[in-house]
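One structure below.
Taken together, the values in this text are just the output of simple stated rules run on the coordinates, not laboratory data. Note that the structure is predicted; figures quoted are calculated from it, not measured. Cβ sites come from the backbone with ideal geometry, for glycine too, and all protein chains shown count toward neighbours.
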Amino acid sequence: MKRIVVTIVCVLLVVVGAFAQDQEAGSATIEDLYLSRDLEIQILRSQALANDLELKQLALRDIREMVEAGTLTSANDGVYVVLESLATEGVARQVRQGGAVINNFPQVRREAVELLGQIGGEQAVDTLIRILRDDPETMVLSEAAYALGTIGSNDNNLVSDYLVSVLLTENAKPAPDNNLAYSTILSLEKISAANGGLADPEVISALLETASSPYIRSVRRRAVEAIVNMRGHVAETSE
């Protein structure tokens, strides 16, 4: 209870300072949201920047309610900036104490990534690709791969190229992660369906390699099914 009261007081102090500013928030960083005159954004910002897991989860809960209500749609929204920060928390922004990172919460990043997939948009795609490149946790990578498929965009094959890279990297491991591979396969299939098929032979090659890599049977079978379905997408488009 005491911690919550302190947090609210801190938020109100920040808001009072913000009201004295003449500038509106418009930057793409969570730090610049200090200038926001929106109390709701200030509270979310304070929760996101806290090193307390419970406060971050409260921010995610509130953002999820906004997404489900359809009130969070703009990629320039301050709430979106908070969500993007939570999706890279502990990787892009690290808080250290005694040499150890104290704000590394993979479960927070995973949930934030899921919400980015639901919101969609070019900014979300860029963030998710960066997460695929930088995040060390397979649970987060799996969610990021699936989220890209949920969005479905694939300009200049950028998304499918990254997903193929993830799949090939995983295939080369002696003990690859089944969930990451499965999520990536599903994502490639969703992107294929959204774009009239994936004609890139590297996609098919990666899936064929997956089908013969040391995964559990359901993953290998899903890779073969994805190839068949992708060919169907191309056939449907040409009709």
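Principal axis extents of the C-alpha atoms in the range 102-239 (largest first, rounded to whole Å): 53, 35, 20. Hey, quick one: spin label on ASN51, modelled 7 Å out along Cα-Cβ, who in the range 105-124 has an amide N within reach, i.e. under 17 Å? Zone members listed by number: 105-106. Computed from the Kirkwood radius of its Cα pairs, the Stokes-Einstein diffusion coefficient for the range 153-233 at 37 °C and 0.692 mPa s stands at 268 µm²/s. When only alpha carbons are used to place a centre, the range 41-96 and the range 136-172 end up 23 Å from one another. Diagonalising the gyration tensor over the Cα atoms of the range 61-177 and scaling each eigenvalue by 5 before taking the square root yields semi-axes of 23, 21, 11 Å, largest first. Working from label points 7 Å from Cα in the Cα-to-Cβ sense, the ASP200 to ALA175 distance is 3.0 nm.
One decimal place: the segment ARG133-ASP155 gains 6.1 nm when fully extended, by the rule 0.36 nm per residue minus the C-alpha distance.
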